[in-house]
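We did not get these values from a lab; they are worked out from the coordinates using the rules stated. From a predicted model like this one, the values you see are computed outputs, not experimental measurements. In this analysis, Cβ positions are derived from the backbone assuming ideal geometry, glycine residues included, and neighbour counts consider all displayed protein chains.
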Protein chains: 2
Amino acid sequence: MDSEELRNAGLKVTTPRLKILTLLEKSAERHMTADTIYRLLVEGGEVIGLATVYRALAQFEAAGLITRHHFDSGQTVYELERGPHHDHIVCIRCGRVEEFYDKVIEERQREIAASLGFTLSDHALTLYGECNSQDCPGRQG
Amino acid sequence: MDSEELRNAGLKVTTPRLKILTLLEKSAERHMTADTIYRLLVEGGEVIGLATVYRALAQFEAAGLITRHHFDSGQTVYELERGPHHDHIVCIRCGRVEEFYDKVIEERQREIAASLGFTLSDHALTLYGECNSQDCPGRQG
DNA sequence: TATTCAAACGATAATGATTCTCAATATAGA
DNA sequence: TCTATATTGAGAATCATTATCGTTTGAATA
Ligand SMILES: [Mn+2]
Ligand SMILES: [Mn+2]
Ligand SMILES: [Zn+2]
Ligand SMILES: [Zn+2]
């Protein structure tokens, strides 16, 4: 249950936190902005403040429950930390986000950091391009 | 001369643009925020507006004279487009930025995009870690 | 060289995302 | 159930960036 996750993370089990966590789990879109989360909850009839959403997301991230990404769109997007690490490719036309993991790239990153005298602690890799989805506007066809 | 660069880029040769371009060329730090550029110019006795700096940087970028990066620090940083493409590693303690280019990673990116049905147009890769610089605060020793 | 006018400028207001403040409320433990 | 404390929601504040607007300037032309 979500209450468990919050307790394990050292966070009090509160109604707003449960609402947000549940939304993150059930939503079809894995990558969402704070405002999107806020809006979805409000549209769903919930009473919650935008500041609370931001606060909860910051706490979830500190607890390792979620990760945040800065795609070029400007806003920060959040996603539930489930499964192994991965990076992203974003369609510059329709915004679709796909995930990938590449062992070779991950290894090279470690080697590069080491060769430059850095102790690697994190990385951000995002690819941008045009997708071939049937729903993507601007597809030649 | 810098005037040449502006003309070739299809931009009028104006005093503010020359000041900014010259600063970008002469500054020891290759990666700077708009505000840093503005402040350095003002401190140097120049009269210029922050809005003008932002405008000029946007035009320079559109003209391919500079590139912009979004490191996790929040603000956008700009750098003169000189030499070949490269990515960055940033020290999370002192903010030092080093550049690198890795052929293997670049190739893998193309392959990954293709395998996911994307036409790759750009990418952003930034590594984060702790550097071993003598000047880096928090170094053990 | 003087004239002209669209482009560019600088000051400042506006915007959008995120964070802070604070009085009211809810949680976890006694 | 009672209490101390953490959390909440509304709205103000902040920070980076962009838009507005009256004035100035670059560069083409007379
Ligand atoms: Mn993801
Ligand atoms: Mn660089
Ligand atoms: Zn698409
Ligand atoms: Zn350092």
Position residue B:39, label points 7 Å along Cα→Cβ, spacing to each other copy in nm (shortest first, one decimal): 3.5
Charge sum, other residues only, whose C-beta stays under 11 Å from residue B:50's C-beta, Lys/Arg counted +1 and Asp/Glu -1: +1
Contact order relative to length of the stretch B:47-141, as percent, for alpha carbon pairs under 8 angstrom and 6 or more apart: 23
For residue B:93, distant residues with modelled amide H under 5 Å away: B:131
Cβ-defined net charge surrounding residue B:20, 15 Å radius [Lys, Arg +1; Asp, Glu -1]: -2
Estimated [θ] at 222 nm from DSSP helical runs (n ≥ 4, -39500 (n - 2.57)) normalised by residues in chain A, nearest 500: -12000 deg cm²/dmol
Teacher prompt: residue B:13 distances to equivalent labels in other copies, 7 Å Cα→Cβ, nm: 7.3
Within straight-line cross-link reach of residue B:12, lysines at Cα separation under 20 Å, skipping those fewer than 8 residues along the same chain: none
Label distances, nm, residue A:135 versus same residue in remaining copies, Cβ-directed 7 Å point: 5.0
